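Colleague: Mind having a look at this structure? Questions to follow.
The values are calculated or read from the model by the stated rules, or taken from the named source; none is laboratory data. This one's a predicted model, so the numbers in the text were calculated from it and none came from an experiment. Glycine gets a Cβ as well: all are built from the backbone with ideal geometry, and neighbour counts include every protein chain shown. The area values use the complete protein model at the heavy-atom level, side chains included, leaving out ligands, DNA and RNA. Shrake-Rupley method; radii C 1.70, N 1.55, O 1.52, S 1.80 Å.
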Amino acid sequence: MKATEINKDGATLLDYQFDTLLDLVFFIENTKPITRENSSITGSYSFTGTHSYDEAMDMCKNGYFSEDVEKFQKIFFKVANQIDRKMKRLGVKHDVVGGVPDVPRYLMGHPLNMMAPAIRPMEKKPKPINLRFNAAVSAGTSKSTIERRGLAFVLLFQLLDKLGCNVTLETDEFSKGNGWGTVENYYVNVGVKLMKQGDIMNISKIYFPLVHPSYLRRIMFATEERMPKLENRQDFFDGYGRPTSLREYIKFKDETLKKDEINIFSDDYSYDSVKNALKEIIKQIGDEGGLKTPTEQVMELLDEIDFSPLSKFNDDDNYRDDEDDFFDWL
């Protein structure tokens, strides 16, 4: 774990970075809380999606197994398997002449039915890509919305990994204080690395930090409850801050972020259409020099993918079954 404090333009960022989920768990289990009345312990099921802090910690350590995860996994593989099948077409270009016929196109009478290698000259090695998923959401965010954006980033990681990109996936929990009291203009971020290029996809392990509300409302809360700078938490927006765009985080980190890396922030995009979100992100990565494969070919691949299985995420499906906490932040 690495904790740093950054002061810039009259504001302060407290930044905690963990290499793995287990690194985060070790910190929580070996650091005493410095505050009382901790929501990581007292949070209700309707607010957290778990019956206790211990249940949430077990999920963080060992993965989460439920009907929700099974549904999420089935939907992921329905889309990911399409990507795998179409990958063999990447790296070639279609023309009226070429070395190898594309039989399906030929049978359809498509004029561009011959294939040749699509060689893309690379002036330099493609840039590493950091997918940064902001776990901080307001209490009114529906479960289906959280599921769609979580699935979008899992699919994005899978696609970039298959394309041979140097890609990592991490969660950030970035929040801001009220702007008064002892934490005026105070920001907190907790970053945890989840996956890197070549890692085997384990949905039961990454579902919890990307989708389950207890990751934020128990595990992230427990982390903040152990930060000495937040001892007087009531000044920090009723204890845990207000969800804030990672673009604000970048204002603090501009001088330390590597200029030869590409950072993709989950809260820059809308996930009403996962396909559109993925195409927008792929275009940005291609424009910034993160792809080996021509961007237009990846966009064509996404156009051919059937994303209809995602419609199974029902907008009415939610953990919340009461309105008592609905207008609470976080």
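Colleague: For LYS127, what accessible surface area do you get with a 1.4 Å probe? Give it in Å², rounded to 10.
Modeller: Using a 1.4 Å probe on the heavy atoms, I get roughly 50 Å².
Colleague: Now for a separate question. Filter the GluC sites (Glu not before Pro) in the range 245-295 to those in DSSP coil with at most 11 other Cβ atoms within 10 Å of their Cβ, and list the result.
Modeller: GLU255
Colleague: Another question, if that's okay. Between ASP23 and LYS125, what length in nm is gained on full extension when 0.36 nm per residue of separation is reduced by their alpha carbon distance?
Modeller: Using 0.36 nm per residue and subtracting the Cα-Cα distance, I get 33.6 nm.
Colleague: If I stretch the segment between LYS283 and GLN197 completely, what's the gain in nm (0.36 nm per residue apart, minus their alpha carbon distance), one decimal?
Modeller: Gain on stretching LYS283 to GLN197: 29.0 nm.
Colleague: Moving to a separate point now. Run the quick spin-label model on LYS74 and ASN185: label points 7 Å from Cα toward the beta carbon, then report their separation in nm to one decimal.
Modeller: 5.3
Colleague: When the chain is fully extended, how far beyond the present Cα-Cα distance does ASN30 get from THR42, taking 0.36 nm per residue of separation?
Modeller: Working: separation 12, 0.36 × 12 = 4.32 nm, distance 2.02 nm.
Gain on extension, ASN30 to THR42, equals 2.3 nm.
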